[in-house]
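Since the structure comes first, as structure tokens, the remarks are kept for the end.
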Amino acid sequence: MSDFKGNREHWASRVGFILAAAGSAVGLGNIWRFPYMTGEHGGAAFIVIYLLAVFLLGYPLMVNETLIGRASQRDPVGAFKFLSPGRSWWLVGALGVFTGFVILSYYVVVAGWSIAYIYKVFIAVSTPGINHEAVFKSLITSVWEPIIWAAVFMILTISIISAGVVKGIQRWSLILMPILFIIILILIIRSNTLPGASDGLFYYIKPDFSHVSGRTFLAALSQAFFSLSLGMGVFITYGSYLKDHDEIPGSNGWIITLDTLVALMAGFAIFPAVFALGFKPAAGPGLVFITLPAVFAQMPLGIFFGVLFFILLAIAALTSAISLLEVVTAWLMDEKGWSRKKASILMGIIIFIAGIPAALGYSIFNGFSFPGLGTDILDTYDWFANCLFLPVGGLLAAIFTGYVWGTKQAIDEANKGKTGLAIGKFWSFLIRYIIPLLIFGIIIMGIYDSFKR
Ligand code: TRP
């Protein structure tokens, strides 16, 4: 283990780390989940609370995880072993690896729908009078289609991860993230130049706090966790590929800003078009797959913009999925001495198999529901990951730094880099007191809320 640091791959540049991590953060959470959550929770009022959650909770936690990774130069399990030898804190890392496994298993299913929609939207938009809900239902209720598309998506994910940190993750993030940005910009321009677009814009930027309740806070906080890829060791793993004097707080600031910007931009692309063409914003998870194709069908050049939108969604999902597989791969490489190829291919296949029940949750396993824990199998995986594992993981990582590793050590680690933001006492205060309390509150409320319904 002594030459560990020497053998480890590292990001080739600061931009490489920022875009790879932003690629992890920007995903289905921003473009699929954020807009419908905003729609369901009253538009701009939700956004204000979300922004608070991102900066007060998300940012300090992202810095915390990145520091644990950089200081230890190891995967999430090895990181806790290294910083606190002989104690059980490595279990926090193990929970993270397991959570990555669970999230990726259903993430590939939704990502597979996105790939399928690159051509489905083409057919849907060019067939007058088609029932858009039926198109979506026929995709998810078929037995083979969701599985095949999930497999295609998993193969793409594996091939990027098996190529390595620099030649795989960094290379593809540098290519795909700018493309993603340009596509969103094009869609924003299209959407806002439709007659009647201003109604949607108004809804999106004018806060209406009458819809705000305890549930709104809860929704905003868990959305922040998911969207920023926090609580399961993505940032420990990506942080472990940073070199000793690489700057951290400023890079994390960039990553948070990019993720938030893309979520807000997705709303600017979607709401004006939805309102302009007479649809309702609060359409739930079907907003992207059912409402949007209907919107594209009525829009000049709708086929072109529809196809472009689902390419965007698939790219965003891909750069996120690779971060999930990388956590599991890094664990097997660092802890079990597996080669990168063997770890990524074997785990990719096993995770894909674990996701098959979620893919079949609308066909063969239709009607399997777990009262309080989700309406179908995919939803149940999602519940465990989002309401339980991620917040618990983030909470324990904060407690670890606050009371075991020590915020002083962490701050010294953070301020090794010469440039950028510096963190200090306020960060320490958040990590030790405010964040554990807030997250604890979220978990309790989340569980209570789930069983109440
Ligand atoms: N952040 C990604 C999204 O918004 C999803 C994701 C990737 C994720 N890695 C994660 C979520 C780790 C939680 C934890 O779609």
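The values are calculated or read from the model by the stated rules, or taken from the named source; none is laboratory data. The model shown is predicted, which means the values in this text are computed figures rather than measured ones. Cβ: placed from backbone, ideal geometry, glycine included. Neighbour counts: every protein chain shown. These accessible areas exclude ligands, DNA and RNA; they are computed on the full protein's heavy atoms, side chains included. Shrake-Rupley method; radii C 1.70, N 1.55, O 1.52, S 1.80 Å.
For the chain, carbon and sulfur atoms together expose 71% of the accessible surface, with a 1.4 angstrom probe and every protein chain in place.
Using 0.36 nm per residue and subtracting the Cα-Cα separation, the extra length available between Phe429 and Leu185 on full extension is 84.0 nm. Candidates Gln409, Val48, Pro293 compared by Cα position along the dipole of the chain: farthest toward the positive end lies Gln409, with charges placed on Cβ.
For helix 390-399, report the angle its Cα long axis makes with the longest principal axis of the Cα atoms of the chain; keep it between 0 and 90° and round to the nearest 10°. The angle comes out at about 30 degrees.
Note down the relative contact order for the chain as a percent, whole number, built from C-alpha pairs under 8 angstrom at least six residues apart.
It comes to 32 percent, rounded to a whole number.
When the alpha carbon coordinates of segment 88-142 are projected onto the principal axes, the ranges are 61, 18, 13 Å, largest first. Amide H contacts of Ile248: Gly417, each under 5 Å away and 5 or more positions distant or on a separate chain (H built 1.01 Å from N in the peptide plane; Pro and chain starts excluded).
Within segment 297-453, the ratio Rg/Rh, alpha carbon atoms throughout and Rh by Kirkwood, equals 1.06. In this view, the solvent-accessible surface of Lys336, computed with a 1.4 Å probe and all protein chains in place, comes to about 120 Å². Our summary of shape: the Cα atoms of segment 258-357 have principal axis extents of 56, 31, 25 Å, ordered from largest down, in whole angstrom. In the chain, a dipole from Cβ-located charges (positive for Lys and Arg, negative for Asp and Glu) runs towards its positive end, and of Ser84, Leu261, Ser126 it is Ser84 whose Cα lies farthest in that direction.
The phi torsions of segment 129-143, fed into the Karplus equation with coefficients 6.51, -1.76 and 1.60 and a -60° offset, translate into couplings of x, 5, 8, 5, 5, 5, 4, 5, 4, 5, 5, 6, 8, 7, 7 Hz, rounded to whole numbers, with Gly and Pro shown as x. Compute the FRET efficiency between Trp144 and Phe370 as 1/(1 + (r/R0)^6), taking r as their Cβ-Cβ distance and R0 = 22 Å, and round to the nearest 0.05. Plugging the Cβ-Cβ distance into 1/(1 + (r/R0)^6) gives 0.30. Computed over segment 207-312, the range of Cα coordinates on each principal axis works out to 54, 38, 21 Å, biggest value leading.
Ligands, DNA and RNA aside, Lys452 has an accessible area near 120 Å² when probed at 1.4 Å. Residue by residue, segment 230-244 carries 3J(HN,Hα) couplings of 9, x, 9, x, 4, 6, 5, 5, 5, x, 6, 9, 8, 7, 3 Hz when phi is fed to the Karplus relation 6.51 cos²θ - 1.76 cosθ + 1.60 (θ = phi - 60°); x denotes Gly or Pro. Accessible area per residue for segment 14-452 is 37 Å², calculated with a 1.4 Å probe on protein heavy atoms, without ligands, DNA or RNA. Distance from the C-alpha centroid of segment 51-129 to that of segment 317-338: 10 Å, rounded to the whole angstrom. Accessible surface comparison of Ile31, Ile364, probe 1.4 Å, protein chains only, largest first: the order is Ile364, Ile31.
For the chain, the longest principal axis of the C-alpha atoms and the axis of helix 340-359 are separated by about 40°.
The orientation-averaged projected area of the convex hull spanned by the Cα atoms of segment 14-452 comes to 19.5 nm². In this structure His245 has an accessible area near 100 Å², from a 1.4 Å probe over the protein heavy atoms.
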